[in-house]
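Novice: One structure follows; several queries about it will come next.
Every number in this text was worked out from the coordinates using simple rules, so none of it is lab data. Every value quoted in this text rests on a predicted model; they were computed, and no experiment measured them. Cβ coordinates were reconstructed from backbone atoms using ideal geometry, including for glycine residues, and neighbour counts include every protein chain displayed.
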Amino acid sequence: MSTDAIVLLKEDHKEMRRLFREFEKAQDGPAKRRQELLTEILAALTTHTYLENEVMYPEIRKLLPDLEDDILESHEEHHVADLLSAELAELDADDERLVAKTTVLIENVEHHVEEEEQEWFPKVREALGRNQLQEIGERMIAMRPQAPRSPKDPKARKSARDAATA
């Protein structure tokens, strides 16, 4: 398993895309299945954004100040996803807004992922050496077991607030 921070984040992105496709297929199916998938999506997204907010973004901000605007935009995109995730976590499986709100979350996250992978990650990879990206990745791996898995988790809310004011 790679410890490269960018590889790890791309693996998270791949898993989220898989969950998004599963949710889209389940839109017309049983509400219980949509709720199960939404719970998985929120867990994956909460953990991922936590690790980016707590490890990746602060480190890149420190090492590559020229990427400050990219990081600030990413924080704001996370903030939007955090708000939608918190609202979705409160909805019942049969709420008429669940599919529409999840679709908006998916569209926002896919936009964010595309920008990271096409624009931001190449700049970071070019500027940092393999060792630095592996060190950042190792910190993310070490932190993952304690990372929140729900937008209701106080650690997730604190991380989101801290990132929004960074």
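Novice: Could you state the angle between the C-alpha long axis of helix 154-164 and the longest principal axis of the C-alpha atoms of the chain, as a value from 0 to 90 degrees rounded to the nearest 10?
Specialist: 60
Novice: Ok, one more. Set the Förster radius R0 to 22 Å, insert the Cβ-Cβ distance between GLU117 and GLU138 as r into 1/(1 + (r/R0)^6), and round the FRET efficiency to 0.05.
Specialist: So, using R0 = 22 Å, E works out to roughly 0.55.
Novice: If you don't mind, there's one more thing I want to ask. Using the Cα centre as the reference, give the magnitude of the dipole from point charges on the C-beta atoms of the chain (Lys, Arg: +1; Asp, Glu: -1; all else neutral), rounded to the nearest 20 debye.
Specialist: So the dipole magnitude of the chain works out to roughly 680 debye.
Novice: Give me Rg/Rg_expected for the chain, where Rg uses Cα atoms only and Rg_expected = 2.2 N^0.38 Å with N residues.
Specialist: It is 1.03.
Novice: Of the candidates GLN146, GLN132, GLN35, which one comes out as most mobile in a Gaussian network treatment of the chain with C-alpha springs shorter than 10 Å?
Specialist: Of the options given, GLN146 has the highest mean-square fluctuation.
Novice: When the chain is modelled as a GNM with alpha-carbon springs shorter than 10 Å, which of HIS48, HIS13, HIS111 fluctuates the most?
Specialist: Residue with maximal mean-square fluctuation among HIS48, HIS13, HIS111: HIS111.
Novice: What is the distance, in nm, between label points placed 7 Å from the Cα along the Cα-to-Cβ direction at GLU73 and at LYS158?
Specialist: Result: 3.1 nm between the two label points.
Novice: Work out the FRET efficiency for ARG21 and ALA89 from their Cβ-Cβ distance, taking R0 = 22 Å, and round it to the nearest 0.05.
Specialist: 0.55
Novice: I would also like to ask the following. How large is ³J(HN,Hα) for each residue in the stretch 27-43, as worked out from phi by the Karplus curve 6.51 cos²θ - 1.76 cosθ + 1.60 (θ = phi - 60°), to whole Hz, x for Gly and Pro?
Specialist: Per-residue couplings from phi come out as 4, 9, x, x, 4, 4, 5, 4, 5, 4, 5, 4, 4, 5, 4, 5, 5 Hz.
Novice: Let me ask something else. Using alpha carbons only, how many degrees (0 to 90, rounded to 10) separate the axis of helix 68-90 from the longest principal axis of the chain?
Specialist: Approximately 20 degrees, to the nearest ten.
Novice: Another question, then. Rounded to the nearest 10 degrees, what's the angle between the helix 98-115 long axis and the longest principal axis of the chain, both from Cα atoms, 0 to 90?
Specialist: 20
Novice: Here's a follow-up. Per-residue ellipticity at 222 nm for the chain, helices alone: DSSP H runs ≥ 4 residues times -39500 (n - 2.57), over residue total, nearest 500 deg cm²/dmol?
Specialist: -24000 deg cm²/dmol
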